[in-house]
Amino acid sequence: MDLAKHWRQKGARYRLEGQRHRTTGEVRFPARPAALGDDPATWEPCTLSGKGEIYSFSVLRQAPEGFDQATPYPVALVKLAEGPLVTAQLTDCAEADLAIGRPVEMVTRRLKDTGEDGLLVYGYKFRPVLQ
């Protein structure tokens with residue numbers, strides 16, 4: 001992994017930093033540079049709450065090649081309270097605990113160890129909110 005790229009993505013990975021449209025209030029995640037023809041002042045940075053609900057989910061029983069992950073593990077589309085849909089791994093839950101509409105919250109977890117360069121990559125996952 002490129003250390004510079006990792007550093008540039010830290011806001012989205014650790015704090016769910018997105019952008020809010022100054023006029024409409026629309027929220028997008030992750031933050032993007034202004035598109036060609038857009039006024040850069042149209043979007044302002046915002047930190048998302050990390051609260052949401054499971055919009056859809058699946059349980060992966062075979063990890064992709066090069067992905068060091070114990071299987072099975074759940075992944076979900078999470079609809080954030082602010083509106084955007086985020087794809088993320090679910091953690092701290094059993095398969096039987098999963099349901100569409102279940103409230104979840106963001107947590108920071110280790111995603112991978114890149115090996116000899118010593119870079120530990122952390123990022124967001126979601127876990128069910130204890131009721």
- What pairs come up if the first residue lies in segment 72-87 and is among the acidic types (Asp, Glu), the second is part of a strand (DSSP E or B), and their beta carbons are under 9 Å apart, counting only those six or more places apart or on different chains? GLU82/GLY18; GLU82/ARG20; GLU82/VAL27; GLU82/CYS46; GLU82/LYS51; GLU82/GLY52
- Qualifying residues in segment 4-28 (those that are in a loop (DSSP other than H, G, I, E, B) and modelled with pLDDT under 90) - the one surrounded by the most Cβ atoms within 10 Å (Cβ to Cβ): LEU16
- Query: Which one of VAL107, VAL78 is modelled with pLDDT of 95 or more and closer than 15 Å to LYS51 by Cα?
  - Reply: VAL78
- Query: Which ones in segment 35-50 are modelled with pLDDT of 90 or more, over 26 Å from LEU120 (Cβ atoms) and surrounded by 15 or more Cβ atoms within 10 Å (Cβ to Cβ)?
  - Reply: CYS46
- Task: Please name all residue pairs, on different chains or six or more residues apart, with Cβ atoms under 9 Å, provided the first residue is in segment 94-110 and is under 18 Å from ALA70 (Cα atoms) and the second residue is of a type in the set (S, T, N, Q) and surrounded by 12 or more Cβ atoms within 10 Å (Cβ to Cβ).
- Result: ARG109/GLN89; ARG109/THR91
- Task: Determine whether ARG32 is modelled with pLDDT under 90 and in a loop (DSSP other than H, G, I, E, B).
- Result: yes
- Message: With the requirement that a residue be buried (at least 16 other Cβ atoms within 10 Å of the Cβ) and of a type in the set (Val, Ile, Thr), what does segment 58-99 give you?
- Response: VAL75, VAL78, VAL86
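The values are calculated or read from the model by the stated rules, or taken from the named source; none is laboratory data. Given the structure is predicted, the values throughout are model-derived calculations rather than measurements. All Cβ positions, glycine included, derive from the backbone under ideal geometry; neighbour counts span all protein chains shown.
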